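The values are calculated or read from the model by the stated rules, or taken from the named source; none is laboratory data. The shown structure was predicted, so the numbers you read here are calculated from the model rather than taken from an experiment. Quick reminder, even Gly has a Cβ in these numbers, built from the backbone with ideal geometry, and neighbours come from all protein chains shown.
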Amino acid sequence: MMSGVAPKRFIKAPQTAGLLGLVAAGLCLFALFASRAVETAEDASLPGTYRNLSFNVDGAGGAQRTMAPLVLLPTHKYTWGREQGQWSLHDKKLRLDQRPAWGDATINADRQLRFEFTKDGKRFTVTMYRAGDAPGAGTPAGTKADATAGQTTSPNAASSRYEFREQHDPDGIGKFYMGREIAHVISVQGADWLERPEREHEENPTLLMEALKLKPGDAVADIGAGTGYLSRRLAQQVSPTGVVYANDVQQAMLNLLEKKLAEEKIANVKPVLGTTTDAKLLAGAIDLAIMVDVYHEFSEPHEMLQSVCRALKPGGRLVFVEYRAEDPAVPIKRVHKMSEAQVRKEAEVHPLEWVETIKVLPRQHIIVFKRTPEK
C-alpha cells in the first residue's frame, strides 16, 4: 500500500484544487472587467458643463450664481475657473484631484453633483446641475442642443421629470418642472423679511387662519416654516390639544423659530428638520399641511409632494398659499408667483383632489386639496 504511489482517492485532489483556483481566478477577472465596463459607461455619460444649483453653509444658503462652471472633459481632465486637474470615478462618486478637501461628489439620476464637506468647523453642501455638453462630448460646436434656444436638458431627459436651461430668469435656478422655473430659496439672511411688520397688511394672515377652519386637536404641518411666522399663529388655532410640526430644510431657520417659541412661551410647535425630498413627517399623521409662499422654491417639488402626501391622513387637506401669477398688480418677482392652473397641474399628479380656491387674501390664492386613495 505504501509503494510510493498515492492512493487513488487522493490522486485527483491537487488537480481539482488547481481547477477550482483557475475558475475562481476567471470569475475574479470577469467581475473586474464587468465592474470596469460599468465604470466606463458611467465615465462616458458624465462629461459636460456643470453650473451651481445651491451653495449651503450649515443649512443656510441658496444659489450662488457667480460660481464658475465646472467642465468635465471626456479625456478625464477638468477645468473649474482657473483650476485644472484630473477627474475620476470611485465607487460611482466623482473625485477631483485638485480639490481633495471637498471629498467625492455623489451623482444622482439627473447627473447632479453633490459635494458635502466640513471646513473651519462648518458644514458645506454644494450642488451642481448638468447645464450642457463639454467640448467633444456630444453636441458639435456651433450647434444647439435643442430646438428651443438656450435650452439644454439632462442626459436622461426621457426618464427625468426635470429640465435644465442655460438661459433663464435670474431669480430662478435654471431648473424647470412641468414648464415652471423653480425660484431661489430665501436663506436665513432673509429671515427679517419673513417677520416684517407690513406682512399683516400685505398678506392678512388673520384672514388666512379663518379660512383654514382648524379646530382644537388638529395635527398641522407647516412646510417650509422658516422663522415660524405662521406656525405660531397655527398653534393658537389648534390649542390646547393640537400640535404644529414646523418643517424646514435649514437648521438655521429652525434655530430662529425655537428662539421665538421660547420668547412667546408656545409649547405645541415641534420643529422638524427635513430634506429637499422628504418632510420627515410620520405617515398618516397630519390633518392639514400648509405651504405658504414656499412651494415654488422647492428644488425637488415632485418628491416633496410625495412625502407630504404620505404624511396626510385619508381625507387630510393640503393647502397651497401662493402669490397670484394671474395678477400683474401683485408686486412680487415672476418666479415667486404661481397661477392656480399651475398649482393644480403639479398637485393633481399626486393622490390629491382639488376642493376649492379661496380668494379672500390681498395678493395670494388659498388653493385647497384633499388626500385621496393612491392613483
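Look at the stretch 340-366: where a residue is among the aromatic types (Phe, Trp, Tyr) and a partner is buried (at least 18 other Cβ atoms within 10 Å of the Cβ), sitting 6+ places away or on another chain with Cβ atoms under 7 Å, you get Trp354/Phe369.
For the stretch 65-88, residues that are under 27 Å from Arg165 (Cβ atoms), in contact with a strand residue (DSSP E or B) (Cβ under 7 Å, 6 or more places away or on another chain) and either part of a strand (DSSP E or B) or free of Cβ contacts under 8 Å to residues at least 60 places away in the same chain (or both) total 10. Do we find a residue being under 29 Å from the mean Cα position of the chain (by Cα), over 25 Å from Gly172 (Cα atoms), surrounded by fewer than 16 Cβ atoms within 10 Å (Cβ to Cβ) and at pLDDT 90 or above anywhere in the stretch 44-56? Checking the stretch 44-56: not a single residue is under 29 Å from the mean Cα position of the chain (by Cα), over 25 Å from Gly172 (Cα atoms), surrounded by fewer than 16 Cβ atoms within 10 Å (Cβ to Cβ) and at pLDDT 90 or above.
Condition check ((1) acidic (Asp, Glu); (2) outside the structural domain of Met291 (by TED's automatic domain parsing); (3) touching a Ser or Thr at 6+ places or on another chain (Cβ under 8 Å)) across all residues:
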position	(1), (2), (3)
Lys313	no, no, no
Glu322	yes, no, no
Ala325	no, no, yes
Val335	no, no, no
Met338	no, no, no
Ala341	no, no, no
Glu346	yes, no, no
His350	no, no, no
Val355	no, no, no
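Note on the stretch 166-204: residues that are aliphatic (A, V, I, L, M) and in contact with a strand residue (DSSP E or B) (Cβ under 6 Å, 6 or more places away or on another chain) total 5. Filtering the stretch 362-375 to residues that are surrounded by 14 or more Cβ atoms within 10 Å (Cβ to Cβ) and more than 12 Å from Phe320 (Cβ to Cβ) leaves Arg363, Lys370, Arg371, Thr372. Of all the residues in the stretch 305-322, those that are buried (at least 24 other Cβ atoms within 10 Å of the Cβ) and touching a Gly at 6+ places or on another chain (Cβ under 8 Å) number 2. Screening the candidates Thr241, Thr227 for the property of being β-branched (Val, Ile, Thr), surrounded by fewer than 20 Cβ atoms within 10 Å (Cβ to Cβ) and in the same structural domain as Val308 (by TED's automatic domain parsing) yields one hit, Thr241. Any residue in the stretch 270-279 that is over 15 Å from Leu214 (Cα atoms), among the hydroxyl-bearing types (Ser, Thr, Tyr) and in contact (Cβ under 8 Å) with a residue 60 or more places away in the chain? Looking through the stretch 270-279, none of the residues is over 15 Å from Leu214 (Cα atoms), among the hydroxyl-bearing types (Ser, Thr, Tyr) and in contact (Cβ under 8 Å) with a residue 60 or more places away in the chain.
Could you tell me which numbered condition Asp146 fails, if it satisfies all but one of (1) assigned to a strand (DSSP E or B); (2) at pLDDT below 90; (3) in contact with a Ser or Thr (Cβ under 7 Å, 6 or more places away or on another chain)? Asp146 satisfies all of (1) assigned to a strand (DSSP E or B); (2) at pLDDT below 90; (3) in contact with a Ser or Thr (Cβ under 7 Å, 6 or more places away or on another chain) except (1).
Criterion first (in contact (Cβ under 8 Å) with a residue 60 or more places away in the chain and charged (D, E, K, R)) does Glu297 satisfy it? Yes: the conditions hold for Glu297. Residues in the stretch 59-113 that are over 23 Å from the mean Cα position of the chain (by Cα) and modelled with pLDDT under 80 were compared, and the one that is nearest to Glu303 (Cα to Cα) is Gly81.
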